[in-house]
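Chemist: I'd like to ask some things about the structure below.
The values are calculated or read from the model by the stated rules, or taken from the named source; none is laboratory data. Here the structure is a predicted model, which is why all the values come from computation and not from measurement. No Cβ is skipped: glycine too gets one built from the backbone with ideal geometry, and neighbour counts run over all protein chains shown.
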Amino acid sequence: MDHSKAPVLEALTAYHAQQQTPFTPPGHKQGRGTDPRVLAVMGDAVFRSDVLATSGLDDRMSSKGILEEAQELMADAVGAEHTFFSTCGSSLSVKAAMLSVAGPHQKLLVGRDAHKAVVSGLVLAGIVPIWVEPQWDAERHLAHPPSADAFRAAFAEHPDARGALVTTPTPYGTCSDLPGIARVCHEHGVPLIVDEAWGAHLPFHPDLPTWAMDAGADVCVTSVHKMGSGLEQGSVFHLQGDLIKPEVLKSREDLLGTTSPSVLVYAALDGWRRQMVEHGHALYDEALALAKSVRTQIDAIDGMRVHGRDDFCGPGRASDLDPLQVIVDITGLGTTGYRIADWLREHHAINMHLSDHRRSSAQLTHADDETTAETLLTALRDVAAHAGELRPAPQVEVPDPARLRLEQVILPRDAYFGRTEQVPWQKAVGRVTAEMLTPYPPGIPAALPGERLTSEVLHYLRSGVEAGMVVPDAADTEVKSVRVAIED
C-alpha cells in the first residue's frame, strides 16, 4: 500500500480548501463561536480541524471510505489483518475485545495485574474472571506478567474458559512470554487478547520487544497516545486469525464507542502511522541510543539504580524489557518515589511517569532528545543532592504476594451493582469490596469488586495514601472508609 498517503489528513485539507459551511455539530463552527480567551490558549487550528466525521469530513453515506482506508493502511503498516481506530482510548478498546470473546457468566482467564479498564469490562459484561497470578519479585516488591505455564495451569482447571487476556508490556516495561501464552491459548482453540497499551512503538524497530501480532496474539489493543504521536484517547486495536470475526469485534466497539468520534484524534493516528512507516526505524535508532546513555548516567548518581534486564528478566521473572521505560530504584536515597516525584515537579517542573514506594520512572519516546535528557539528568542529580530533605518518608506496608492476593467470592458485576454500604476501613476487614481500590499510576487494582478484603491489603492502601499514593477511583479517595457489599 502507498504509505505516503494520510487519508484523514488529506480529507481535512480538502475540507478547508472547499471552505465548507457546516450546519451541524460541533457548535463552535470551526472556532467562530469559541471564546477568544479559549482560542488564546488552545489556538485556532484545534477548532478549525474539529469537524464532524460524517456529513463533514466524509459524506453522509461515508462513501469516500476515508476512515476505512486509514485503518487499512494502519493494519498494513504493522502486519495485522484488520485494524480499528478508537477515540475513546484503550480503556474502550480492551472492553470491546473482551466482549468479543466472552459474555455474561462466561469465563475469561485474566492476568491479575490487569488495568482497571479490564476490571470495568468485567463489571459491565458480567464476565467471570479466572485470575492468573503474576510473577512476583519478592526482593524488589514488583509484579511481572504471568507466565505461559500459569495460563496452562488455569486452562487445565477451567477448560471452559473462552479465552485469555494478558497485559504486556507493563507500565514498568516488563514483557510476558507472548509466544508461549499464544500457543497455550491456541492449543485450547481460544483467542488471546493482549492489552499492549504501552507498546504502540514495538512494531517499528527490531531491537524493541516482540509485539503482540508477531507473537501470535489474536487481538492487540494499543494506546498510540502513550508511546506514539497520537493525541490523548487515541487508540487502535488489531485483529488477526479466524478465532474472532472482524464484524463481531466491530460490533462490540460500536456498542461501547462514541457516536461523535474526534476527527482530531483520527488525524493524529493517521499521521503517526505514516511517520512510523517512513521514519520509525531511524527515530527509534536514536531513541534507543539516547535511552542507553540516559540509563548509564542515572545509574552513576549516588543512591539511584536503573533497573535493567539483569534485574527484571529471567526464570520466574519477565521475558523481555522495553529499555525506553527507565525505572529508577531510589531506596538508596532513603525516601519514596512519591516524594521524589513531588520534589522534581516543584523544583524542576518535571513530571515523572510512574512512582511507587521505592521507585520513580521516566518514559522516553522518539520525541526525546539530548535537551530533554539533560533536563532529566540535571533534575535527578539535584534531587539526589537534596535527598536529606525528603527523609524520613512514611513507610508503605507492602504485603508479600500471598497476603496481597484477595479471594474473589462474588462476581464483579454483582458486587458493584448490588446493595452496598460505606464503612470505616478498620471495619471493612473480612467484607467484600463493592468498588475498585486502585493505586494510580499504574492503575492496577489492589482490590476489585467481589473480592474479600483483608487487614493486610487495607493497611497497604492506608499506609500508601499516607505516604503519597493516589487511589482516585475509591468513593473515599483517602481510603478512610470503603464501600462494601451487604451480604445476605
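Chemist: Quick check: is even one residue across region 27-41 under 31 Å from the mean Cα position of the chain (by Cα), farther than 16 Å from Asp58 by Cα, modelled with pLDDT of 95 or more and of a type outside the set (A, V, I, L, M)?
Modeler: So far as region 27-41 goes, no, none of its residues is under 31 Å from the mean Cα position of the chain (by Cα), farther than 16 Å from Asp58 by Cα, modelled with pLDDT of 95 or more and of a type outside the set (A, V, I, L, M).
Chemist: Let me ask something else. Look through Val482, Val465 and report the one residue that is part of a strand (DSSP E or B) and either in contact (Cβ under 8 Å) with a residue 12 or more places away in the chain or farther than 25 Å from Gly111 by Cβ (or both).
Modeler: Answer to the selection: Val482.
Chemist: Also, I was wondering about something else. So which residues in region 396-414 are in a loop (DSSP other than H, G, I, E, B) and either among the basic types (Lys, Arg) or exposed (fewer than 12 other Cβ atoms within 10 Å of the Cβ) (or both), if there are any at all?
Modeler: Scanning region 396-414 gives Asp400, Arg405.
Chemist: Something else: Where in region 101-143 are the strands (runs of 3 or more DSSP E), entirely inside, with at least 1 residues that are free of Cβ contacts under 8 Å to residues at least 60 places away in the same chain?
Modeler: Correct list: 107-111, 128-132.
Chemist: Report the residue count in region 213-226 for those that are surrounded by 23 or more Cβ atoms within 10 Å (Cβ to Cβ) and in contact with a Gly (Cβ under 7 Å, 6 or more places away or on another chain).
Modeler: Total meeting the criteria: 5.
Chemist: With respect to the numbered conditions (1) of a type in the set (S, T, N, Q); (2) closer than 21 Å to Pro203 by Cα; (3) assigned to a loop (DSSP other than H, G, I, E, B), which one is the sole condition not fulfilled by Thr21?
Modeler: Just one mismatch for Thr21, condition (2).
Chemist: Ser63 - would you say it is among the small types (Gly, Ala, Ser) and either surrounded by 13 or more Cβ atoms within 10 Å (Cβ to Cβ) or closer than 30 Å to Leu122 by Cα (or both)?
Modeler: Against the criterion (among the small types (Gly, Ala, Ser) and either surrounded by 13 or more Cβ atoms within 10 Å (Cβ to Cβ) or closer than 30 Å to Leu122 by Cα (or both)), Ser63 does not qualify.
Chemist: Restricting attention to region 190-206, report how many residues are farther than 15 Å from Ala287 by Cα, touching a Cys at 6+ places or on another chain (Cβ under 9 Å) and in contact (Cβ under 8 Å) with a residue 40 or more places away in the chain.
Modeler: 3
Chemist: Looking at this structure, is Leu73 closer than 24 Å to Asp214 by Cβ, without any contact (Cβ under 8 Å) to a residue 60 or more places away in the chain and among the aliphatic types (A, V, I, L, M)?
Modeler: On the way: closer than 24 Å to Asp214 by Cβ: yes; without any contact (Cβ under 8 Å) to a residue 60 or more places away in the chain: no; among the aliphatic types (A, V, I, L, M): yes.
Here the answer is no, as Leu73 does not meet what is asked.
Chemist: Only one of Thr259, Thr210 is in contact with a strand residue (DSSP E or B) (Cβ under 8 Å, 6 or more places away or on another chain) and either over 30 Å from Val184 (Cα atoms) or not in a helix (DSSP H, G or I) (or both); which? So that I can check it myself, show each step before the final result.
Modeler: Numbers: Thr259 fails: in contact with a strand residue (DSSP E or B) (Cβ under 8 Å, 6 or more places away or on another chain).
Step by step, each of Thr259, Thr210 is checked, and only Thr210 is in contact with a strand residue (DSSP E or B) (Cβ under 8 Å, 6 or more places away or on another chain) and either over 30 Å from Val184 (Cα atoms) or not in a helix (DSSP H, G or I) (or both).
Chemist: Just need a number here: residues in region 278-317 that are among the charged types (D, E, K, R) and closer than 15 Å to Ala379 by Cα.
Modeler: Of all residues in region 278-317, those among the charged types (D, E, K, R) come to 278, 285-286, 292, 295, 299, 302, 305, 309-311, 317.
Imposing the further condition that a residue be closer than 15 Å to Ala379 by Cα reduces the set to 295, 299, 302.
Within region 278-317, residues that are among the charged types (D, E, K, R) and closer than 15 Å to Ala379 by Cα number 3.
Chemist: Applying the selection to region 419-434, what residues are in a loop (DSSP other than H, G, I, E, B) and crowded, with 22+ Cβ neighbours inside 10 Å?
Modeler: Ala434
Chemist: Now, a different point. Any idea how many residues of region 435-462 are more than 28 Å from Ala341 (Cα to Cα) and either part of a loop (DSSP other than H, G, I, E, B) or of a type in the set (A, V, I, L, M, F, W, C) (or both)?
Modeler: 4
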